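Values in this text are rule-based calculations from the coordinates and carry no lab data. Quick caveat: nothing in here was measured; it's all calculated off a predicted structure. Reconstructed Cβ throughout: ideal geometry from the backbone, glycine too, with neighbour counts over all protein chains shown.
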Amino acid sequence: MAISAERGKSIFRKTEKELLRLSSGHQADAIHGFRTTTRRLQTLLEQLVANSDRKNKKLLKMLNRIRKTAGKVRDMDVQIEALRSLKVPQEPRRKTQLMQSLIELRAQHERKLHKLVKKEDIREIRKRLRRAEESVNLDSSRDPLSVARQMVNSVPVPQAPAQEEALHRYRLVVKRARYAAEFAPKSAEATKFLAELKRVQDALGNWHDWLTLTHTAVERLGDVNQSSLVAVLRNVTRGKFRHAVSAVTAAKPEPRAAQAKAAELQAVRKTARKDAAMERRSGAAA
């Protein structure tokens with residue numbers, strides 16, 4: 001089923017809104033909102049809409065440049081929040097030292113982000129967003145749920161004992177699949193599928209946040225033999241890893257036969273729409 005015009009075009013307006021919010025301040029919610037919104041726009045233009053032109057590719061390139069730097073600030077925010085939630089008596093000075101390092105790293109990335117959101121660049125991006133909204137053709141867009149399922153099925157489901165690299169790849173795919181599925185018209189099927197993706201994404205994201213914090217702690221404090229705080233972080237991360245693997249393996253993908261049937265039905269509907277359009281054109285010509 002194609003994306004509704006309002007649902008598809010609203011992402012351009014939301015991206016502009018989040019861009020302006022980001023340029024006016026680098027608070028955590030503004031950074032997070034900009035990153036997720038631009039990811040959704042990228043999914044629309046690259047995965048759901050056919051024949052996205054060069055101007056749209058230039059727009060995405062400009063947004064991606066800002067998003068990558070914003071992502072580094074966001075990573076620091078997530079690590080700071082995780083460290084603050086860690087209530088342990090071990091090495092309070094080391095914890096304070098690590099917290100200060102994270103705050104300093106965030107300030108460095110924030111300064112770089114500030115340089116990227118200049119007024120002239122914001123104006124250019126806003127113009128490109130409005131042109132892209134006017135030019136995008138949603139009539140022939142791909143079915144968001146079918147695309148999302150194809151994404152999820154494109155990588156093997158990590159099974160216990162899983163490797164971190166495989167789990168990380170699956171995390172990225174699930175996140176992008178969710179962005180695609182969110183463009184689907186509201187239905188019981190879409191709601192159920194999105195809830196499952198969110199459940200898995202939350203577990204994977206939580207594990208990855210603690211893994212990133214642990215890596216930062218090792219860089220700043222040394223490994224477990226040099227810091228008991230790092231040992232605690234590794235234990236927490238292992239627990240998050242096991243929970244993430246359980247969440248992934250508990251997910252029940254649709255049987256291949258059901259997916260094939262859905263794809264076949266989609267093809268029939270697409271053919272019917274084309275036939276109807278040809279009949280309308282023939283009638284107009286007559």
Distance in nm between pseudo-label sites at residue 155 and residue 231 (7 Å out along the Cβ direction from Cα): 3.3
Lys, Arg +1 and Asp, Glu -1 on Cβ, resulting dipole of the chain about Cα centre, debye, nearest 20: 720
Approximate spin-label separation residue 85-residue 140, in nm, with each point projected 7 Å along Cα-to-Cβ: 4.6
Listed candidates [x] 22; [y] 33; [z] 28 - label of the one calculated as percent of Cα pairs over 34 Å apart: [y]
5 angstrom amide H check on residue 227, placed H, neighbours 5+ away: none
Residues residue 127 and residue 57, FRET efficiency given R0 of 22 Å [Cβ-Cβ distance, rounded to 0.05]: 0.90
Helix-derived mean residue ellipticity, 222 nm - over the chain, DSSP H n ≥ 4, -39500 (n - 2.57), to 500: -27500 deg cm²/dmol
Nearest-ten-degree value, helix 164-181 long axis tilted from longest Cα axis of the chain: 40
In sequence order, calculated HN-Hα J values of the range 223-230 (Karplus, 6.51, -1.76, 1.60; Hz; x Gly/Pro): 7, 4, 6, 10, 8, 6, 5, 5
Degrees separating the helix 92-116 axis from the principal Cα axis of the chain, which is the longest one: 40
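Over 23 Å apart: what share of the alpha carbon pairs of the range 1-115 falls there, rounded to a whole percent? If you can, show how the numbers build up before the last one.
Details: 2757 of 6555 pairs.
Above the 23 Å cut-off, the range 1-115 has 42 percent of its Cα pairs.
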Order by protection proxy (mean Cβ within 10 Å, highest first), peptides 176-185, 92-101: 176-185, 92-101
Top positive-direction residue, dipole computed over the chain with Cβ charges, set 250, 105, 26: 26
Anisotropy class of the range 86-242 from Cα gyration tensor, a/c 1.5 cut: oblate
